[in-house]
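Structure first, commentary second.
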Amino acid sequence: MKEVKPDSNRFLCIICKEDKNIEENTIEHVFPEAIGGALTISNVCRTCNSWLGSDVDSYLTNNFLFQAECQDLKLALKNGKIPNILKKGSLETDQDRTVYYTMDEEGNPKDLYVTPKITKEYTKNGDLRISASVDFKDKEKLAEMINKTFEREGFSKIDPDTILQNMTIIKEKPIMKIHPSRIKVPKNISYSKEEIIIDTLRYKLSIAKIAYELSYYWLGSKFLDDETGNQIRLSLLEKNISVNTLKQFQTSGIIEYIGESPSIDIWKHLDDAYIGVMVRLSGFIFIYIKLLNVIEGLILVSKQSFNYKNYEDKIVIIDPRNRTHQENILRAELEVLGNREEIFQQLILNIGNLIKKTSSER
Ligand SMILES: [Zn+2]
């Protein structure tokens, strides 16, 4: 580690570990700001902050399963909008006709809109046949659309009433396609826009980032000298990530999508919150993270808990809807849930099972 002179104009960036000018110091959101993460730290330089945003956090904020859950929970993300994974579809009888699904600000279904379609055809004797199909809400525009085409082709207009009298109303069910709003695709991979990509790799780094920053937040600058933490830090800076990136940096833990139920089910009821827990187990320090009931992870952040004086197990609960967070001593928080010691033992048992799962996978 570089020696940093006690100069108030300089600071050590906790990500690149370079000595930087204080003007480069930024506010870093431990849980991405784009998903309502309300907990912030400093001492991340501008360059690293922007790297973390574009190449680490984005794999979580744009994660398809995460967005789908936010839509279900009607949870507005950074732009104040609830993700809409069903925004585009087509008509059952005409796959080329786009149908849009919109929601109101509260995330309730607002509108289905079928895009207009007009076709023209000349008959053998030179007559022009036009058929137009519009969304029922646009029926007033039907005559205008048809007459514009006639005019453009050099024919005279038709009485709008005649057009409306000849109109048929068809009821049709649209086929809505699941459509992730914004997905970052690794270079060299081509994909069609309609394809759903369930990221099984890159979102893990964004969870590892939360674990690293939470550890720094709670353990202080001493954590920057921790070799286990340092490996997580290096994995965050890796440019070419692969299935093995976290393993390659000897990061131990398990980060997974939650299926039916989280492995640690104590906080299962907090299904619209983010949770970060720091817990010590026989000299090791783990960070447990749960985001909604979509993703959970248990990451080993230190093998030297004895290095941290005044160590205490901690918990932070983030409410992304109101962008607030509350922090507590873990055992004090467990008291809210019932018998503190019983629940703590259950937690340790759950963690033990997760660790076993991890070691059998490695
Ligand atoms: Zn940096």
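The values are calculated or read from the model by the stated rules, or taken from the named source; none is laboratory data. Keep in mind it's a predicted model, so treat the numbers as computed, not measured. With ideal geometry, Cβ positions are generated from the backbone for all residues, glycine too; neighbour counts draw on all protein chains shown.
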Original post:
Just one of the numbered conditions (1) within 16 Å of the ligand (Cβ to nearest atom); (2) modelled with pLDDT under 95 is not true of ARG46; which one?
Top reply: (2)
Original post:
Which one of these does SER54 not meet: (1) of a type in the set (S, T, N, Q); (2) over 23 Å from ARG323 (Cα atoms); (3) away from the ligand (no atom under 11 Å from the Cβ)?
Top reply: (2)
Original post:
Could we say that LYS81 is over 30 Å from ILE170 (Cα atoms), at pLDDT below 90 and not assigned by TED's automatic domain parsing to the domain that holds ILE163 here?
Top reply: yes
Original post:
Quick one: would you say ILE27 is away from the ligand (no atom under 13 Å from the Cβ), surrounded by fewer than 16 Cβ atoms within 10 Å (Cβ to Cβ) and closer than 28 Å to PHE66 by Cα?
Top reply: yes
Original post:
List the pairs whose first member sits in region 315-331 and is without any contact (Cβ under 8 Å) to a residue 12 or more places away in the chain, whose second member is assigned to a strand (DSSP E or B), and whose Cβ atoms are under 9 Å apart, counting only residues at least 6 apart or on separate chains?
Top reply: GLN326/ILE315; GLN326/VAL316; GLN326/ILE317; GLN326/ILE318; GLN326/ASP319
Original post:
Given (1) within 16 Å of the ligand (Cβ to nearest atom); (2) under 29 Å from LEU291 (Cα atoms); (3) without any contact (Cβ under 8 Å) to a residue 60 or more places away in the chain, where does GLU106 come up short, assuming only one miss?
Top reply: (1)
**OP:** Quick one: which strands (runs of 3 or more DSSP E) lie wholly within region 236-297 and hold at least 1 residues that are free of Cβ contacts under 8 Å to residues at least 40 places away in the same chain?
**Re:** 274-281, 284-291
